[in-house]
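Below is one structure; the comments refer to it alone.
Bear in mind that the values in this text are calculations on the coordinates, not laboratory data. Bear in mind that the values here come from a model prediction, so they are computed numbers and not experimental data. Ideal geometry is used to build each Cβ from the backbone, glycine not excepted, and the neighbour counts take in all protein chains shown.
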Amino acid sequence: MSEVTQDFIVIGAGIIGLATAVRLLTEGATVTILEKNKVGQESSWAGGGILSPLCPWDYPDAVTRLTDYSAAMFPAWVAELCEATGIDAEYEASGMLVLPPYHAEAAHKWRISHAAEVEQNAFSECFSRNKQNIPLHFNVENALFLPHIAQVRNPRLLYALHKLAVQLGGRIIEHCEVYEIITQHNRLDVLATSCGKYRADHFVITAGAWSKQVLGKHAFSLDIKPMRGQMLLYKFAEPPLRSILLQRDVYLIPRRDGYLLAGSTMEDVGFNKQVTLAAREYLSERAQGLLPQLKNMPLINHWAGLRPASPQNIPTIGRHPLLNNLFINSGHFRYGVTMAPGSVRILLNEIMGRPQPFDIGPYQQGWGDY
């Protein structure tokens with residue numbers, strides 16, 4: 001098979017890979033994207049599209065700093081993608097209602113330190129039209145409404161990025177698995193893949209849960225592994241909620257057209273993407289406790305995705321410590337969609353030698369001891 005050469009090869013065509021490729025293409029680079037399966041069909045597609053950590057006060061500053069920075073880019077980003085492709089990713093600042101139990105003291109400190117707008121007793125902001133739909137057992141007094149939290153329809157965002165990457169001249173090769181990274185003189189020289197050998201000036205790993213496997217012996221102490229999450233989908237004639245509803249580890253996300261997502265599990269089962277009856281029953285029961293109308297609604301779909309889990313949800317973004325033309329943008333765990341535009345900007349700043357918006361040290365510690 002012949003070798004192909006270009007400015008950049010991006011390995012992985014999820015939200016991070018597509019967003020990285022589009023940004024590189026707009027900078028005038030030639031880009032090929034290699035995807036071991038199909039474009040945008042893994043974790044990025046499977047998630048819910050909430051543009052915030054579920055309870056931001058439960059996460060370190062390195063996570064909330066990046067999610068805040070990135071989430072602020074979404075309105076303009078989605079509008080630009082829609083103008084360029086005609087695909088509306090349905091960005092909406094729907095807000096999120098957090099029900100107890102939660103860490104009240106941590107929430108209060110986070111609210112003060114971030115000057116975050118938080119409302120109490122705001123059930124009418126979440127439930128459509130009137131309060132008659134509110135389950136009687138809800139603790140109204142201690143619920144928190146975060147009006148600034150937005151959502152996006154992540155499958156549509158992926159479609160838009162895929163379309164724009166092609167429009168800009170990006171080459172996308174599906175069903176192309178990386179077998180080996182061949183190095184020479186502290187550089188990645190050749191990628192050996194199921195589709196042949198590829199050369200480029202620079203390479204970017206955006207392979208999500210598979211990033212460590214792609215890197216092989218060059219991963220050093222990089223701690224990224226798959227973490228299965230299962231989701232349920234329902235359909236109403238009109239949205240039963242105005243806002244995202246969260247209690248502990250389960251959330252409901254209303255879409256504009258009446259679809260309602262219920263998620264999600266957190267399962268350390270390796271690369272197993274099979275859905276399970278136990279997860280369906282657990283999510284269904286918890287979802288019905290949040291929204292009793294679901295007891296009469298048929299289940300439309302049930303799926304699973306593999307999140308790229310990393311310690312404390314902190315991704316690794318930047319240059320490989322030894323291979324100077326190899327970069328990584330991976331390990332975003334639950335928040336790849338949320339962090340996408342921000343982490344891509346940080347990566348491009350690193351590649352191009354531009355100033356960073358804040359200290360990016362926490363996102364360069366993932367290699368560990370090497």
Subject >> Equivalent ellipsoid semi-axes, region 267-370, via Cα gyration tensor eigenvalues times 5, rooted, Å >> reply: 38, 16, 11
Subject >> From the coordinates shown, mean projected area of the Cα convex hull in nm² corresponds to which of (1) 17.5; (2) 18.4; (3) 20.6 >> reply: (2)
Subject >> Distance in nm between pseudo-label sites at GLU177 and ALA237 (7 Å out along the Cβ direction from Cα) >> reply: 4.9 nm
Original post:
Between MET297 and GLU80, what is the label-to-label distance in nm when each label sits 7 Å out along the Cα-to-Cβ direction?
Top reply: 3.5 nm
**OP:** Round to the nearest 0.05 the FRET efficiency obtained for LYS273 and GLU141 when R0 = 45 Å and r is the Cβ-Cβ distance.
**Re:** 0.65
Original post:
Hey, if you put +1 on the Cβ of every Lys and Arg and -1 on every Asp and Glu Cβ in the chain, which of PRO341, HIS320, GLN213 ends up farthest toward the positive end of that dipole?
Top reply: GLN213
Original post:
Anyone know which of ASN296, ASN349, ASN313 comes out most mobile in the 10 Å Cα GNM of the chain?
Top reply: ASN296
Original post:
Could you name the aspartates and glutamates in cross-link range of LYS295, using Cα to Cα under 17 Å and dropping any fewer than eight places away on the same chain?
Top reply: GLU238, GLU281, GLU285
**OP:** Run the dipole for region 171-246 about the Cα centre, Lys and Arg Cβ at +1, Asp and Glu Cβ at -1, nothing else charged, and hand back the magnitude in debye, nearest 20.
**Re:** 120 debye
Subject >> region 1-67 and region 220-264: distance between their alpha carbon centers, rounded to Å >> reply: 20 Å
**OP:** Starting from the Kirkwood radius over alpha-carbon pairs of region 240-313, derive D by Stokes-Einstein at 20 °C in a medium of 1.002 mPa s and give it in µm² s⁻¹.
**Re:** 158 µm²/s
Subject >> Extended-chain gain in nm, criterion 0.36 nm per residue less alpha-carbon gap, ASP88 and THR26 >> reply: 20.3 nm
**OP:** Of the DSSP beta bridges with both residues in the chain, give the percent that are antiparallel, rounding to the nearest 5.
**Re:** 65 percent
Subject >> region 157-243, Rg to Rh (Cα coordinates; Rh as Kirkwood inverse mean 1/r) >> reply: 1.12
Original post:
Listed here are the pairs LYS163/LYS235; LYS212/LYS273; LYS225/LYS273; LYS38/LYS163; LYS163/LYS197; LYS36/LYS225; which of them are more than 20 Å apart at the Cα?
Top reply: LYS163/LYS235; LYS163/LYS197
